[in-house]
Amino acid sequence: MKTKITLLALLLFALNISFAQQDEECMTKLSIFHEYVKAKNFDAAYEPWMAVRNKCPKFNTAIYIDGEKILEDKIEKSSGADKVAYINDLLKLWEERGTHFASKTPKGKYAAQACQLMYDNRKELNKTDLELYECFDAAYKLDKATFTHPQSLYTYFSLMVDLYDAKKKPAADLFNKYDDVVEKVEDEVKNYSGKLNKLIEKEDAGTALTSKEKKYKKYYEQVLGAYDKISSGIDQKLGERANCENLIPLYQKDFEENKADAVWLKRAVSRMFHKECTEDPLYEKLVKAYDETAPSADTKYFVATILLKNGKTSEAEKYLKESYDLETDTFKKSKLANRIGLILKKKGRYGQARGYFRDALKLNPANGRPHLSIAAMYAASAKDCGDTNFNKRAVYWLAADEAAKAARVDPTLKKAAAQSVANYKAKAPNKSEIFECACSGKVIKISCWIGASVTVPKV
């Protein structure tokens, strides 16, 4: 018995030495390939990296983080069969990462990443649009929460459009997928806007951001810029496929089956509204069904649009206020305030519109569009707000100041805001006019609905 125990102890001791030696060897080679990767010497990193990957796959996540960079370099530099082999190996590497480091490998993120790699190399891999779409669709359904990369979301929808054009997907699938992707993008914009708003509020309060916070702010701005870009791309890709000629027959055909389905009604009403199909009687029918099925801030807003169309402005404004008061989600409330502001702006109700635009800014400071809308209303009122020609044109300085705020808080609007600022300043009094009136640095009070003051630039 003692002999058996002694042999078992010796065996365990030998195994521990073996594992320790293995760990030491893996640690040495990991350090070697990691240094090569940092120096971007991927060819030299390949051999020690493969050794660690094969021998100690659970040793460290650096195997997968650095391995991705090594294989991406191989893919870029190779062609033909070699390139295909490296692509397939990178796909395999992500699978291995999911096996050995599941908690650090979000399923949706890596599944979509794999689909995107196959899409980017579809010719080499001989992949069809349908195969690629099904890959993205499976990734989306597997883990929607981490399927967030802007490029992959755009590719996912783009493939659906291509399949629709090839008559391999029906119009209903196309519009449903459009809504899926747009809602997903909106969720991500809401998420990153919330994070950015905290930093903007801190800056506005006069507190300097830490170096770490500055990096986060830049990152959030870049991500929001990417989502803004693909949002435009998705709408452009959909194009005229979602025109009234296509939408109206589709929704008429499916109405009876879906007239109590709040999600279907919401999407149908929203699509009809945004594609300006509101003149058709079907729009009113859809809105009434939506409001009866699931009364909400959304339904009250759409009822208001019908009342406005029918010339019932005062009744519509009550519904707009009710819609705004009902909304509890901060991000959605901000969007709603902006939409109501735009309606009132179009009606020439500038004072009320500005109130909603300012509410939108309070709720979501990272969205600079309300600043541009307020600036545009100031500029449109220049001829009516002032007792002299000079004072009337001074309103353009106020408009320029407001437009400049848009660029400060919203990186996606820098170009548009800069153009607006330049346009307004060009219409304001020039240096010689300021010199002639001897009012450099003075404060001018602007009357009418604006009720604000502007300081004449010093010359």
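The numbers here are math on the coordinates, done by the rules we state, and not lab data. Remember, it's a predicted structure, so these values are computed and weren't measured experimentally. Here the Cβ is made from the backbone with ideal geometry for all residues, glycine too, and neighbour counts use every protein chain on show.
The C-alpha atoms of the chain define a longest principal axis, and helix 80-100 lies at about 90 degrees to it.
Fewest Cβ neighbours within 10 Å first, please rank S103, S79, S31, S296 accordingly.
Working: S103 5, S79 9, S31 13, S296 16.
Fewest to most other Cβ atoms nearby, the residues stand as S103, S79, S31, S296.
Between the alpha-carbon centres of segment 153-169 and segment 362-397 there is a gap of 43 Å.
Relative to the longest principal axis of the Cα atoms of the chain, the long axis of helix 313-326 lies at roughly 30 degrees.
Compute the long axis of helix 262-274 from its Cα atoms, compare it with the longest principal axis of the Cα atoms of the chain, and write down the angle in degrees, 0 to 90, nearest 10. Result, in degrees: 60.
When the helices of the chain are scored as -39500 (n - 2.57) per DSSP H run of n ≥ 4 and the total is divided over every residue, the value at 222 nm lands at -25500 deg cm²/dmol. Would segment 297-428 count as rounded, prolate or oblate if I go by the C-alpha gyration tensor, calling it rounded below 1.5 in a/c and otherwise prolate when a/b exceeds b/c, oblate otherwise? Taking the square roots of the gyration eigenvalues as a ≥ b ≥ c, segment 297-428 is oblate.
If you take the alpha carbon atoms of segment 383-459 and fit the smallest convex hull around them, that volume is 94 Å³ per residue.
Centroid-to-centroid, using Cα positions, segment 77-133 and segment 298-344 are 46 Å apart. Based on the alpha-carbon gyration tensor of segment 221-329 and its eigenvalue square roots a ≥ b ≥ c, which shape applies: rounded if a/c is under 1.5, prolate if not and a/b is larger than b/c, or oblate? Here segment 221-329 falls in the oblate category.
Where a ≥ b ≥ c are the square roots of the eigenvalues of the C-alpha gyration tensor, would you call segment 266-328 rounded, which needs a/c under 1.5, or, failing that, prolate if a/b is larger than b/c, or oblate?
On the way: a/c = 1.82, a/b = 1.18, b/c = 1.55.
Since a/c reaches 1.5 but b/c is at least a/b, the shape of segment 266-328 is classed as oblate.
So if a site counts as exposed when it's one of the GluC sites (Glu not before Pro), its DSSP state isn't H, G, I, E or B, and it has at most 16 other Cβ atoms within 10 Å, what's the longest stretch of the chain without one?
Details: sites that count: E276, E279.
Looking at the chain, 1-275 is the longest stretch - no exposed GluC sites (Glu not before Pro) with at most 16 other Cβ atoms within 10 Å.
Taking the Cβ of P365 as the center, what net charge do the other residues with Cβ under 13 Å away carry, scoring Lys and Arg +1 and Asp and Glu -1? Write down the numbers at each step before the final one.
Details: positive: K195, K198, K202, K217, R358, K362, R369, K405, R408; negative: E201, E203, D204, E221, D359, D410.
Computed value for this residue: +3.
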